[in-house]
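Structure first, commentary second.
Computed from the coordinates by the stated procedures, all read-outs in this text should not be read as laboratory data. Note that this is a predicted model, so its numbers are computed, not measured. Here Cβ is always computed from backbone atoms with ideal geometry, including for glycine, and neighbour counts include all displayed protein chains.
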Amino acid sequence: MKDGAGLDYSELDEFNKRILRFVADEFPKETRGFTGRAGNRLAKRLRAAYKAKTKKKTGNLRKGVKKGRPYMYNGNEFQVRVYNKAPHAWLIEHGHVMCDKHGNPIKKGGKEIHVPGKHVVGPLSNDFAEEFSEMTDEFLDQMLEVI
């Protein structure tokens, strides 16, 4: 990776990745805790995004946002899932065709009424990537002080 001045940071990026792998191997409990905190922060931001982009009717959409347990992925990476367990979350996220209580599509002027999706999760995850990078840098700094 090069910046505008022509400086090459690829070795620094590789060093950062090696330190992250070392910390994950030597301090799994702390790394698991960090991953859980990052998941909590993402879940909190997801609830706020749902509140901002949708009208509150019952609040079940925001109550459905859950964070799973941190786990090892492929034996070398910690991951955590943040998801919405509300049964109607995917309808709001991706959009849907309006139906009556029997499941038949409602038509207006011969065309089905399509409700567009709000697309809350995608842009939020892209925005969270930068915040997660900052969190990772702070975590590495703390771990380097311990070492």
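Whole-Hz Karplus ³J(HN,Hα) for region 75-87, in order, using 6.51 cos²θ - 1.76 cosθ + 1.60 and θ = phi - 60°, x for Gly and Pro?
x, 9, 10, 8, 9, 9, 9, 10, 9, 10, 8, 5, x
How much length, in nm to one decimal, is gained on full extension between Glu138 and Glu30, taken as 0.36 nm per residue of separation minus their Cα-Cα distance?
Using 0.36 nm per residue and subtracting the Cα-Cα distance, I get 37.6 nm.
For the charge dipole of the chain, defined by +1 on Lys and Arg C-beta atoms and -1 on Asp and Glu C-beta atoms about the Cα centroid, which residue among Ala24, Asn40, Phe78 has the Cα displaced farthest towards the positive pole?
Most positive-ward Cα: Asn40.
Between Ala48 and Ala129, with labels modelled 7 Å along Cα→Cβ, what's the label distance in nm to one decimal, could you check?
2.0 nm
Which shape class applies to region 9-51: rounded if a/c is under 1.5, otherwise prolate when a/b exceeds b/c and oblate if not, where a ≥ b ≥ c are the square roots of the Cα gyration tensor eigenvalues?
Since a/c reaches 1.5 but b/c is at least a/b, the shape of region 9-51 is classed as oblate.
Over the alpha-carbon set of region 22-97, divide Rg by the Kirkwood Rh and report the Rg/Rh ratio to two decimals.
Rounded to two decimals, Rg over Rh is 1.11.
Over all distinct alpha-carbon pairs, what is the Kirkwood Rh of the chain in angstrom?
Its Kirkwood hydrodynamic radius stands at 18.5 Å.
Tell me, how many Å apart are the Cα centres for region 37-91 and for region 93-147?
Taking the Cα centre of each part, region 37-91 and region 93-147 sit 9 Å apart.
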